[in-house]
1. Out of the residues in region 53-80 meeting the condition of being part of a strand (DSSP E or B) and either open to solvent by 10 Å² or more (accessible area, probe 1.4 Å) or in contact with a His (Cβ under 8 Å, 6 or more places away or on another chain) (or both), tell me which one is farthest from E112 (Cα to Cα).
2. Looking at region 132-160, which of its residues are outside any strand (DSSP E or B), open to solvent by 30 Å² or more (accessible area, probe 1.4 Å), in contact with a Leu (Cβ under 7 Å, 6 or more places away or on another chain) and not charged (D, E, K, R)?
3. Going by the conditions given, is R118 of a type in the set (D, E, K, R), crowded, with 18+ Cβ neighbours inside 10 Å and part of a helix (DSSP H, G or I)?
4. Hey, among G14, G64, G30, G55, which residue is on the phi > 0 side of the Ramachandran plot and modelled with pLDDT under 70?
5. What residue, of D121, D78, D100, D95, is within 15 Å of the chain's Cα centre (by Cα) and more than 18 Å from A187 (Cα to Cα)?
6. Would you confirm whether or not region 84-92 contains a residue that is under 10 Å from the mean Cα position of the chain (by Cα), touching a residue at least 24 places away in the same chain (Cβ under 8 Å) and assigned to a strand (DSSP E or B)?
7. Can we say S129 is within 21 Å of D61 (Cβ to Cβ), in contact (Cβ under 8 Å) with a residue 60 or more places away in the chain, open to solvent by 30 Å² or more (accessible area, probe 1.4 Å) and assigned to a loop (DSSP other than H, G, I, E, B)?
8. For region 161-207, which positions are open to solvent by less than 50 Å² (accessible area, probe 1.4 Å), under 15 Å from the mean Cα position of the chain (by Cα) and among the β-branched types (V, I, T)?
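The values are calculated or read from the model by the stated rules, or taken from the named source; none is laboratory data. Just so it is clear, the model here is predicted, and its values are computed rather than measured. All Cβ positions, even for glycine, are placed from backbone atoms using ideal geometry, and neighbour counts span all protein chains on display. The accessibility values were calculated without ligands, DNA or RNA, using every heavy atom of the protein model including side chains. Shrake-Rupley method; radii C 1.70, N 1.55, O 1.52, S 1.80 Å.
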Amino acid sequence: MSKSIPFIVIMLLGSLLLWLWLVWEPAPVGKMGHSPLELEARPLGGDFKLSSAEGPVKLSDFKGQVVLLYFGYTFCPDICPTNLAIIALALRGLDADELDQVQVLFVSVDPERDTPERLADYVQYFHPSMLGLTGSAQELAAAAQQYGAAYQRSDAGGSAMEYTLDHSAYTYVIDQSGRLDEVLDHATPAEEIGAILRRHLGETNQS
């Protein structure tokens, strides 16, 4: 059975979203308590198959939509919540028709703790359209390799968390044909993400 997300986490995420909306200005990458890693290799992209709370999911299931792909984990103390909250703000700037043509995939690289059910609960606190995915250690390593995503386990020094995962913090923009088109830095502003999504959607609507 998956561990439930504590109520305090819900409150903190709500506060984070409000703060991002009203006052946040991006801090330079690496100035946070949990430093992101650089890419492991040049991202090439490609299809993969992982698991959601609703069953198996392939990237190719979303052909015809623009996909934002992000690798992280639910116990991430700051980088993942910040990036997902920014993406959520970008999604909230889209109209209903645009939103139907966009899919956000949050891939957890912590299969020991992040069950599909836990991931489904976690992503809902950011935006109801987000989808959480995980898989075996081998499946995750293969998917991460395709996108150059880096992650490594670090001992948490006897804390209740036992360990953390240092990981790269890039958002991958995959176009409607399933091709990797752009790699966005950590904390790319919501306005910029929204503009990128609209550009892709506009190119499709004109074709």
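1. Taking region 53-80 first, the residues part of a strand (DSSP E or B) are 55-58, 66-72.
Narrowing further to those that are either open to solvent by 10 Å² or more (accessible area, probe 1.4 Å) or in contact with a His (Cβ under 8 Å, 6 or more places away or on another chain) (or both): 55-58, 66, 71-72.
Working: G55: 18, P56: 18, V57: 19, K58: 21, V66: 29, F71: 15, G72: 13 Å.
That would be V66.
2. Of everything in region 132-160, just one residue is outside any strand (DSSP E or B), open to solvent by 30 Å² or more (accessible area, probe 1.4 Å), in contact with a Leu (Cβ under 7 Å, 6 or more places away or on another chain) and not charged (D, E, K, R), namely Q146.
3. Details: of a type in the set (D, E, K, R): yes; crowded, with 18+ Cβ neighbours inside 10 Å: yes; part of a helix (DSSP H, G or I): yes.
When the stated conditions are applied, R118 passes them.
4. Working: G14 fails: on the phi > 0 side of the Ramachandran plot; G64 fails: modelled with pLDDT under 70; G55 fails: modelled with pLDDT under 70.
Testing whether each residue is on the phi > 0 side of the Ramachandran plot and modelled with pLDDT under 70 leaves just G30.
5. Numbers: D78 fails: more than 18 Å from A187 (Cα to Cα); D100 fails: within 15 Å of the chain's Cα centre (by Cα); D95 fails: within 15 Å of the chain's Cα centre (by Cα).
Criteria check complete, one pass: D121.
6. no
7. Numbers: within 21 Å of D61 (Cβ to Cβ): yes; in contact (Cβ under 8 Å) with a residue 60 or more places away in the chain: no; open to solvent by 30 Å² or more (accessible area, probe 1.4 Å): yes; assigned to a loop (DSSP other than H, G, I, E, B): yes.
No, not satisfied.
8. Result: T171, V173, I174, T188, I193.
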